[in-house]
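Asks: What follows is a structure written as structure tokens; I'll ask about it next.
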Amino acid sequence: MADTDTSLAVELALLRSEERFKDFAALAADIFWETDEFFTITFLSEQQEKITGISTEIWFAHSYLEHIGQLVADQQMRDLHEQDLLEHKDFSIDYQFTKPSGELCVLQAKAKPVFNHSGRFKGYRGIAKDCTESYWLAKQLEHRAIYDDLTGLVNRREFELRLERLVSETHSSKKEHVFCYLDLDQFKIVNDTVGHLAGDQLLKQVADLLKRDVRSTDTLARLGGDEFGILLESCPLGRAAIIAEKLISDLTKYSFTWNEKIFKVGVSIGLVVINQDTATATQVMSQADIACYAAKDLGRNRFHIYQQEDHESSQRHSDLLQVSQIQQALNENRFCLYYQFITPLEIELEPYYEILVRLKDRDGKLVPPGAFIPAAERYNLMPEIDRWVMRHVLVESQHIFSRLPFGQIAMNLSGTSLNDPQLASYVKSLLKVSSLPPERICFEITETAVVSNLGEALVFISEMRKLGIRFALDDFGSGLSSFSYLKRFEVDFLKIDGSLVRDMTTDYTDQVMVQAINQIGHAMNIHTIAEFVETEDDIALLKSFKVDYAQGFAISRPSPIEDLEKTLNSQAYEKYLALAQSAD
């Protein structure tokens, strides 16, 4: 009798266990499944039909081995999988198949063999996760890595990769190719007169027009702004000149209409021959830029074939002029500080001020950073400029910054500065005479700068952090290596690349990327800062993502440091400070 009662109790426990498993399987988002020792499917959780679109009866009607042909398209992968099954091994595999509705379904399956108490194989027990959305997101990211979002043409990064391959192949062959670099004339007038939406539409129409004039073997790309590039493979220079003439003719005839306004645009084209004498892709890009500007100087709506004399004249004149201006500005103290307020989106966080450097010419006009920083980097003048900024922030203008009751004061450091072995000693010497505590100071560095000087950068970061100085990793997410390098850097702030933030309200992929970077930052106890925040919608979306800070024109435009001093001296600020202190 006792044995019977025990047997009944065991059976009841098994029934309850099976019911519990079925309840969990029905509630789970994944598909649970089982087979017997003959690979016949014996159990499928209820939601499989919703995910796969295939009725349970069809799955039950055939063994798992028979379904593999539909689930795994690659023959080699299928053979390996069947071998694992016959050897009763654990497996993990991706299924891809078309639903009855015609939609693609992607599942990630894992399973392990089941054996009885005597070691006899009884079948498989597994789980399948619906990864269709992740699959399409990955496809989108792959597409964006190659193609320009606006025009659908190849983007600059992919174009440069193809150019590098072509230059490399040319070293071992006698083939001749031509790089055709196009810069639209009068595009800025359209942007300034009727806005960026009109400018975007013009670029799309120009892209469509250019497609008609290139061969199927050519690579047509948007290189940025109103610049396009065409890689004419196995194309003699004479043929390239004919193509350039056709492009100029078609664009000259083209008119752009927006809100009943008609605009004419032109084009200047630089041609560069690629042959066995070509050294690098970077050289080709530089030569094309020089040739294009030569075409503009000749009167626009024409092309110019690059000659060595062009480079010698243009580069020598440009570099000497820029280097001379920078040296004079340093000697005459014509650099100046600007600041941009970065607002916390979470109330408990302290504010953040980024300090920017500007150059004034002898007439007192501001020279934009893009006009002098590239030359300063090329001729190793950035360390001197960075030191100028640090000296003025920490010592000569400390009376301004020390009056800010709280918040980070961030300065940018270039890659060449990170390579300076004396930089750490210089920072320490400034801190000795500065009233600003190290904990208030933050250095912003780009991923590219750190990676280019990895050993020196890691030593410098470590030494500065011991003093209490913080670090921000700028333009994060712009490079595919960002995530892998993040684990190696000790940083306090991640600045999410503005190219992702700018279009995130209309681009789902950018939204996902911003969210992912924010989540990774928070998982590593790193504060996040979104760059290029330009609208109230941007701010609202970032708040919903729980991003920590926002930077951009929707928050604050860069302003002279003198404006900050005026604010600190104002009665309104004194009242604000008194209220803040009383609240504490």
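Every read-out reported here was derived from the displayed coordinates using simple, explicitly stated rules and does not represent laboratory data. Computed from a prediction, not measured in an experiment: that's the story for all the values here. All Cβ positions, even for glycine, are placed from backbone atoms using ideal geometry, and neighbour counts span all protein chains on display.
Asks: Within the stretch 321-337, find all residues whose amide N lies under 11 Å from a label point positioned 7 Å from the Cα of Tyr379 along Cα-to-beta-carbon.
Replies: So the set is 321-329.
Asks: Starting from the alpha-carbon convex hull of the stretch 120-228, give the projected area averaged over all orientations, in nm².
Replies: 13.0
Asks: Sticking with this structure for a sec: Across all directions of projection, what mean area in square nanometres is found for the Cα convex hull of the stretch 408-461?
Replies: Mean projected area for the stretch 408-461: 3.6 nm², to one decimal.
Asks: Can I ask one more? Highest mean first, what order results for 344-356, 538-550 on Cβ atoms within 10 Å?
Replies: 538-550, 344-356
Asks: Quick check on the exposure proxy: order Tyr339, Tyr379, Tyr95 from fewest to most C-beta atoms within 10 angstrom.
Replies: Neighbour counts put them in this order, fewest first: Tyr379, Tyr95, Tyr339.
Asks: Separate question: Tell me the relative contact order for the chain as a rounded percent, counting alpha carbon contacts under 8 Å between residues six or more apart.
Replies: 8
Asks: Once amide H atoms are placed 1.01 Å from N in the peptide plane, what residues at a sequence separation of 5 or more from Phe443, or on another chain, have their amide H within under 5 Å of its amide H?
Replies: Long-range HN contacts for Phe443: Met411, Arg470, Phe471, Ala472.
Asks: Could you tell me which of rounded, prolate or oblate describes the stretch 97-147, using a ≥ b ≥ c as the square roots of the eigenvalues of the alpha-carbon gyration tensor, with rounded for a/c under 1.5 and, failing that, prolate when a/b is larger than b/c and oblate otherwise?
Replies: The shape class here is prolate.
Asks: Now, a different point. With a point put 7 Å past each Cα toward its Cβ, work out how far Ile146 is from Gln328 in nm, to one decimal.
Replies: Going from the Ile146 label point to the Gln328 one covers 5.0 nm.
Asks: In the stretch 170-315, what % of DSSP beta bridges are antiparallel (nearest 5)?
Replies: Close to 90 percent.
Asks: Still on this model: Can you give the extra length, in nm with one decimal, that the chain gains between Leu137 and Phe115 once fully stretched, where that is 0.36 nm per residue apart less the Cα-Cα distance?
Replies: Length gained between Leu137 and Phe115: 4.1 nm.
Asks: Output the pairs from Lys139/Lys175; Lys211/Lys261; Lys175/Lys264; Lys211/Lys264; Lys211/Lys495; Lys360/Lys566 with a Cα-Cα distance over 29 Å in this structure; if there are none, say none.
Replies: The answer is Lys139/Lys175; Lys175/Lys264; Lys211/Lys495.
Asks: Turning to a different aspect of this structure: If you consider only alpha-carbon coordinates, what radius of gyration and Dmax does the stretch 318-583 have, in Å?
Replies: Here Rg and the maximum Cα pair distance are 18.6, 57 Å.
Asks: Using every alpha carbon pair in the stretch 126-187, what percent of pairs falls into each 10 Å bin from 0 up to the bin containing the largest distance?
Replies: 16, 30, 26, 17, 8, 3, 0
Asks: Starting from the Cα-Cα distance between Glu396 and Tyr254, subtract it from 0.36 nm times their residue separation and give me the gain in nm to one decimal.
Replies: Extra length available between Glu396 and Tyr254 comes to 45.5 nm.
Asks: Hey, can you grab everything whose amide H is under 5 Å from the amide H of Val154? Only 5+ residues off in sequence or another chain; H modelled, so Pro and N-termini drop out.
Replies: Amide H neighbours of Val154, under 5 Å, 5+ apart: Asp148, Leu220, Arg222.
Asks: Rounded if a/c is under 1.5, else prolate if a/b is larger than b/c, else oblate: which is the stretch 386-509, with a ≥ b ≥ c the root eigenvalues of its Cα gyration tensor?
Replies: Oblate, since a/c reaches 1.5 and b/c is not below a/b.
Asks: Just to confirm the number: angle between the C-alpha axis of helix 536-545 and the first principal axis of the chain, 0 to 90 degrees, nearest 10?
Replies: Approximately 40 degrees, to the nearest 10.
Asks: Starting from the Kirkwood Rh over alpha-carbon pairs, what translational D in µm² s⁻¹ does the stretch 19-130 have by Stokes-Einstein at 20 °C and 1.002 mPa s?
Replies: Estimated diffusion coefficient is 148 µm²/s.
Asks: Here is a follow-up. Taking the alpha-carbon distance from Lys466 and a cut-off under 20 Å, which lysines remain once sequence neighbours fewer than 8 residues away in the same chain are dropped?
Replies: Lys428, Lys432, Lys487
Asks: Stokes-Einstein at 10 °C, 1.306 mPa s, Kirkwood radius from Cα pairs: D for the chain in µm² s⁻¹?
Replies: 54
Asks: So which chymotrypsin sites (Phe, Trp or Tyr not before Pro) in the stretch 139-238 end up in coil per DSSP with only 15 or fewer other C-beta atoms within 10 Å?
Replies: Sparse-neighbourhood loop chymotrypsin sites (Phe, Trp or Tyr not before Pro): none present.
Asks: Per residue, how big is the convex hull of the stretch 246-402 when only Cα atoms are used? Give it in Å³.
Replies: 230
Asks: What are the residues whose amide H is under 5 Å from the amide H of Val114, where those residues sit 5 or more places off or on another chain and H is modelled from the backbone?
Replies: Counting only residues 5 or more places away or on other chains, the set is Lys122, Gly123, Tyr124, Arg125.
Asks: Relative to the first principal axis of the alpha-carbon coordinates of the chain, what is the inclination of helix 196-213, with its axis defined by its Cα atoms, in degrees from 0 to 90 and to the nearest 10?
Replies: The answer is roughly 80 degrees.
Asks: Also: Provide the FRET efficiency to the nearest 0.05 for the Thr193-Lys546 pair, computing r from the beta carbons and using R0 = 30 Å.
Replies: 0.15
Asks: Further question: If you count the DSSP beta bridges with both ends in the chain, what percent of them are antiparallel, to the nearest 5?
Replies: Of the beta bridges lying entirely in the chain, close to 70 percent run antiparallel.
Asks: With a cap of 14 neighbouring Cβ atoms within 10 Å, and only residues DSSP puts in a loop, list the GluC sites (Glu not before Pro) found in the stretch 38-121.
Replies: Glu46, Glu87, Glu103
Asks: As an exercise, use a Förster radius of 56 Å and the Cβ-Cβ distance of Thr56 and Lys246 to find the FRET efficiency, rounded to the nearest 0.05.
Replies: 0.35
Asks: Still on this structure: With the cut-off at 1.5 for a/c, could you classify the stretch 138-306 from its C-alpha gyration tensor as rounded, prolate or oblate?
Replies: Judged from the Cα gyration tensor, the stretch 138-306 comes out oblate (a/c at least 1.5, b/c at or above a/b).
Asks: Which of the chymotrypsin sites (Phe, Trp or Tyr not before Pro) found in the stretch 382-424 are loop residues per DSSP with 12 or fewer other Cβ atoms within 10 Å of their Cβ?
Replies: Passing both the DSSP loop test and the Cβ count: Phe406.
Asks: Related question: Order by neighbour count: Asp250, Asp226, fewest other Cβ atoms within 10 Å first, most last.
Replies: The fewest-first ordering by Cβ neighbours comes to Asp250, Asp226.
Asks: OK, next. Just want the ordering: Phe115, Phe263, from fewest to most Cβ atoms lying within 10 Å of their own Cβ.
Replies: With the sparsest Cβ surroundings first, the list reads Phe115, Phe263.
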